[in-house]
Amino acid sequence: MHREEIIRESYKKNCYGLAVRHATRETITDARQSIYQLLTPEGKAMAYDFGTKLSTNKPIRIYHSFIERCKQTADSIAEGFQGEVISINTADTLTGFYVYNPEPVLGNVNDIGSFKFLSNWFQNCYSTKDIMPALKARQQMLDFFIKTFNPHYLNIHITHDWNIAVLYSLYYNIINEDYKWPGYMHGVSLQKNDQNHSMCIEVETPVNINF
């Protein structure tokens with residue numbers, strides 16, 4: 001879902017969480033040096049505006065990757081939010097926790113691009129010494145979302161494009177590259193009905209995540 005759709009999801013009674021990519025950042029020219037880029041001024045304004053438009057029906061708790069641009073996104077959302085911000089915390093599960101050996105993995109991304117890399121990853125083309133299996137990485141993210149569920153709060157998870165693309169695999173065919181790459185502040189929503197946790201990757205298309 002794009003940014004405005006994600007904002008609208010926050011107004012739904014059964015929505016307890018949003019997972020979104022960080023706001024607009026500086027350009028990355030080498031994936032191996034991709035942890036240093038910060039938000040642009042436009043990115044900070046985008047995240048602030050996102051915060052001003054979120055539903056205030058519940059207080060929010062923000063979790064973010066420790067990468068600085070995700071922290072900047074979290075802080076700007078909190079600054080713009082018109083309701084109560086309970087907490088802002090880092091979470092390893094929102095980082096590239098699944099990459100064990102960055103040099104060969106990110107070097108391969110430089111060579112073939114992110115779409116092809118994700119396709120190969122989901123086909124188990126890489127050594128598990130270098131990167132965690134994609135489905136295992138996805139499950140760890142889902143487990144974190146469910147673990148942090150609280151019906152009294154709206155959880156905002158600020159992460160990276162790869163993480164969002166991994167979540168997209170619940171709905172899209174990642175191997176065939178049949179999806180749009182997640183843009184800035186695009187993402188998914190989390191919902192709970194009775195005992196069932198679900199994720200909306202597109203509007204009104206919940207996918208069960210109680211595995």
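The values are calculated or read from the model by the stated rules, or taken from the named source; none is laboratory data. Predicted, not measured: the structure shown is a model, and the values here were computed from it. Here the Cβ positions follow ideal geometry from the backbone for every residue, glycine too, while neighbour counts run over all protein chains shown.
Please work out which residue is surrounded by the fewest Cβ atoms within 10 Å (Cβ to Cβ), limiting yourself to region 35-76 and to residues that are in a loop (DSSP other than H, G, I, E, B) and hydroxyl-bearing (Ser, Thr, Tyr). Checked region 35-76; the qualifying residue surrounded by the fewest Cβ atoms within 10 Å (Cβ to Cβ) is Tyr36. Taking region 184-209 only, how many residues are in a loop (DSSP other than H, G, I, E, B), within 17 Å of the chain's Cα centre (by Cα) and within 18 Å of Glu4 (Cα to Cα)? Qualifying residue count, region 184-209: 6. Here Ile209 meets the list (1) surrounded by 18 or more Cβ atoms within 10 Å (Cβ to Cβ); (2) modelled with pLDDT under 95 almost entirely, failing just condition (2).
Taking region 144-164 as the search range and keeping residues that are in a helix (DSSP H, G or I) and touching a residue at least 12 places away in the same chain (Cβ under 8 Å), which one is surrounded by the most Cβ atoms within 10 Å (Cβ to Cβ)? Filtering first and then ranking leaves Asn163.
Restricting the first member to region 98-119 and to residues that are free of Cβ contacts under 8 Å to residues at least 24 places away in the same chain, and the second to residues that are of a type in the set (Ser, Thr, Tyr) and not in a helix (DSSP H, G or I), the beta-carbon pairs closer than 8 Å and six or more apart or on different chains are Asn108/Tyr126.
Do we have Ala31 as buried (at least 19 other Cβ atoms within 10 Å of the Cβ) and within 21 Å of Thr95 (Cα to Cα) here? Outline the logic, then answer.
Details: buried (at least 19 other Cβ atoms within 10 Å of the Cβ): no; within 21 Å of Thr95 (Cα to Cα): yes.
Considered against the rule, which asks whether it is buried (at least 19 other Cβ atoms within 10 Å of the Cβ) and within 21 Å of Thr95 (Cα to Cα), Ala31 comes out as no.
Residues in region 82-97 that are within 19 Å of the chain's Cα centre (by Cα) and either touching a residue at least 60 places away in the same chain (Cβ under 8 Å) or assigned to a loop (DSSP other than H, G, I, E, B) (or both): Ala91, Leu94, Thr95, Gly96, Phe97. Could you identify the single residue in Glu26, Glu5 that is of a type outside the set (Val, Ile, Thr), out of contact with any Lys or Arg (no Cβ under 7 Å at 6 or more places or on another chain), surrounded by fewer than 18 Cβ atoms within 10 Å (Cβ to Cβ) and free of Cβ contacts under 8 Å to residues at least 60 places away in the same chain? None of the others qualify; the one that does is Glu26.
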